[in-house]
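**Student:** My structure is below; once you've seen it, I'll send some questions.
The values are calculated or read from the model by the stated rules, or taken from the named source; none is laboratory data. Being a predicted model, the structure only gives us computed values, none of them experimental. Every residue, glycine among them, receives a Cβ derived from its backbone with ideal geometry; neighbour counts consider all protein chains shown. Only protein heavy atoms, including side chains, enter the accessible area calculation; ligands, DNA and RNA are left aside. Shrake-Rupley method; radii C 1.70, N 1.55, O 1.52, S 1.80 Å.
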Amino acid sequence: PLMDFLRESQVGTEDDDARMEEIRSKTVQNAIQDEEYILPALQRSNTVQANVPIVLGCSHACTFCVIPYRRGPERSRRPGEIINEIKRLTEQGVREIMLLGQIVDRYGTDFAEDYGLAGVLRIRYLTGHPNYMTDRIIEVTRDEPKVMPHFELPVQAGNNKVLEEMKRGYTREDYIALIERVRRICPDNTINTDIIVGFPGE
């Protein structure tokens, strides 16, 4: 019944998209908590990677981004809920988990407790933000065999005036210093970035 609902909920008008996505997300979360969440039949034992959101919404409010207005303020999912979801997926043959969040490296900053995640063979995460990429995250990426040697760090622009107008909260020099820090701690890791071309006024 869950999968029938999810398939049916994909049909609708553009105005219904946000509401239907909210319903779909809540339905999946409830099914996970009730240990009823299953992958579609064709994906079971065939799906290597699955996406697991860990941070919902965003409070950073870059001038070019609609996420805070469309998905609400930043909030972290509770660790037990995430771990249950990962457990359900790994029981169905998934071997790599992609941890998702608009600023995924801010996970847990709204909790009083300090949490970590474990239980799968491979872990990736996106998208990071230069302001919140700490040495601790970099070192865990280096030291934890399950975490893939990869960083996703959008620079968005290489000009300080444009970065300021984007409200990114860092300068070109800050970003270069971060990349140097990542390279020093994790010399063999890959780094991906995003760049916006033609920002208003550029």
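**Student:** Would you point out the residue of the stretch 117-137, among those that are of a type in the set (A, V, I, L, M, F, W, C) and modelled with pLDDT under 85, that is surrounded by the fewest Cβ atoms within 10 Å (Cβ to Cβ)?
**Tutor:** Filtering the stretch 117-137 for residues that are of a type in the set (A, V, I, L, M, F, W, C) and modelled with pLDDT under 85, the one surrounded by the fewest Cβ atoms within 10 Å (Cβ to Cβ) comes out as Ala118.
**Student:** Suppose we filter Val182, Val140, Val162 for residues that are open to solvent by 30 Å² or more (accessible area, probe 1.4 Å) and assigned to a helix (DSSP H, G or I); which single one remains?
**Tutor:** Val140
**Student:** Take the residues in the stretch 143-159 that are free of Cβ contacts under 8 Å to residues at least 40 places away in the same chain and of a type in the set (D, E, K, R), then tell me which one is surrounded by the fewest Cβ atoms within 10 Å (Cβ to Cβ).
**Tutor:** Selected residue: Asp143.
**Student:** Out of Glu81, Glu85, report the one residue that is under 17 Å from the mean Cα position of the chain (by Cα) and either aromatic (Phe, Trp, Tyr) or crowded, with 17+ Cβ neighbours inside 10 Å (or both).
**Tutor:** Glu85
**Student:** Do the conditions hold for Ile97, that is, is it in contact (Cβ under 8 Å) with a residue 12 or more places away in the chain and over 14 Å from the mean Cα position of the chain (by Cα)? I'd like the intermediate steps shown before the answer.
**Tutor:** Details: in contact (Cβ under 8 Å) with a residue 12 or more places away in the chain: yes; over 14 Å from the mean Cα position of the chain (by Cα): no.
Against the criterion (in contact (Cβ under 8 Å) with a residue 12 or more places away in the chain and over 14 Å from the mean Cα position of the chain (by Cα)), Ile97 does not qualify.
**Student:** Also: Filter the stretch 165-179 for residues that are among the charged types (D, E, K, R) and open to solvent by less than 60 Å² (accessible area, probe 1.4 Å) and give the result.
**Tutor:** Residue satisfying the conditions is Arg168 alone.
**Student:** Any chance the stretch 78-99 includes a residue that's at pLDDT 65 or above and under 29 Å from Ala157 (Cα atoms)? Step through it out loud before you land on a result.
**Tutor:** If we filter the stretch 78-99 for residues that are at pLDDT 65 or above, which is where we start, we get 78-99.
Filter again for under 29 Å from Ala157 (Cα atoms), leaving 98-99.
So far as the stretch 78-99 goes, yes, one or more of its residues are at pLDDT 65 or above and under 29 Å from Ala157 (Cα atoms).
**Student:** Next question. Let me spell it out: the conditions are (1) touching a residue at least 12 places away in the same chain (Cβ under 8 Å); (2) assigned to a loop (DSSP other than H, G, I, E, B), and Pro187 meets all of them except one. Which number is the exception?
**Tutor:** Here Pro187 meets the rest and fails (1).
**Student:** Sticking with this one: Can Asp105 be described as over 21 Å from the mean Cα position of the chain (by Cα) and part of a helix (DSSP H, G or I)?
**Tutor:** No: the conditions fail for Asp105.
**Student:** Sticking with this one: Return a yes/no flag: does the stretch 52-60 have any residue that is assigned to a loop (DSSP other than H, G, I, E, B), farther than 22 Å from His150 by Cα and in contact with a Ser or Thr (Cβ under 6 Å, 6 or more places away or on another chain).
**Tutor:** No, the conditions are met nowhere in the stretch 52-60.
**Student:** Considering (1) modelled with pLDDT of 85 or more; (2) surrounded by fewer than 15 Cβ atoms within 10 Å (Cβ to Cβ); (3) not aliphatic (A, V, I, L, M), say which one Asp114 fails and leave the rest.
**Tutor:** It is condition (1) that Asp114 fails.
**Student:** Further, regarding this structure: Any idea which residue in the stretch 185-198 is nearest to Asp105 (Cα to Cα), counting only those that are surrounded by fewer than 16 Cβ atoms within 10 Å (Cβ to Cβ) and more than 20 Å from the chain's Cα centre (by Cα)?
**Tutor:** Step by step, filter the stretch 185-198, then rank; the result is Ile185.
**Student:** Of everything in the stretch 88-98 that's outside any helix (DSSP H, G or I) and open to solvent by 20 Å² or more (accessible area, probe 1.4 Å), which residue is farthest from His150 (Cα to Cα)? Full working, then the answer.
**Tutor:** Taking the stretch 88-98 first, the residues outside any helix (DSSP H, G or I) are 92-98.
Checking which are open to solvent by 20 Å² or more (accessible area, probe 1.4 Å) leaves us with 92-93, 95, 98.
Working: Gln92: 25, Gly93: 23, Arg95: 17, Met98: 12 Å.
Among those that are outside any helix (DSSP H, G or I) and open to solvent by 20 Å² or more (accessible area, probe 1.4 Å), it is Gln92.
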